[in-house]
Structures are given as C-alpha cells and as structure tokens.
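Student: My questions all concern the structure below.
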C-alpha cells in the first residue's frame, strides 16, 4: 500500500483499521521503497513557497538528488512541523 492508497482508507477523518492488515509494517515498507538508495542533495528549511502553511515554516527540509523532498511533521495528518531525533552526537539529538 502506498501513501495514496493509505489516505483512501480514511472514513470521516478516521483511519479504517480493518482495511490495513498490518498498520506499522505498511508504513515501514512505504518508507523503505521511497527512501532506500536515495541521495540527500541539500538540506534547507521549509518556506512559504513550499505550500505547507505557516505552521511548517522553518521546519527541516531534506532534498533528494532527484528533486523530491521531505520534512518531519508533528503527526500523520500534517498539523504542524516536527523535528527528527538522531543519534548524531554533535547534532544535539534533534534536527
């Protein structure tokens, strides 16, 4: 299941868990397919030109060499920008 199929499993804003056999495994596979082998070309901050809304401005934006990009969100509904927890010693745990 890709993210577009996942979004179609919502009913009245709620996830219909009956249509997702293994919820966490679905997201793991989706992330694997879209991230495995990608090359990070740049790191910026989300701006108003990205069209995500004021609540995301300043959030970390990871840009891949093929032009796709991603940024963290506070939740799966995209209600606010988020942070990434890391194991990088010099990053201070958060990016």
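Student: For the range 40-95, what is the Kirkwood hydrodynamic radius in Å, using each pair of distinct C-alpha atoms?
Tutor: So the Kirkwood estimate lands at 11.9 Å.
Student: Stretched out fully, how many nm does the piece from residue 31 to residue 87 gain, at 0.36 nm a residue minus the Cα gap?
Tutor: 18.3 nm
Student: Quick one: compute the contact order of the range 40-95, relative version, from alpha carbon pairs under 8 angstrom and 6+ residues apart, as a percent.
Tutor: 26 percent
Student: How much length is gained if the chain between residue 22 and residue 68 is pulled fully straight, taking 0.36 nm per residue apart and subtracting their Cα-Cα distance, in nm to one decimal? Intermediate results must be reported in sequence, preceding the final value.
Tutor: Working: separation 46, 0.36 × 46 = 16.56 nm, distance 2.69 nm.
Extra length available between residue 22 and residue 68 comes to 13.9 nm.
Here, each number is a calculation from the coordinates, and none is a lab measurement. This one's a predicted model, so the numbers in the text were calculated from it and none came from an experiment.
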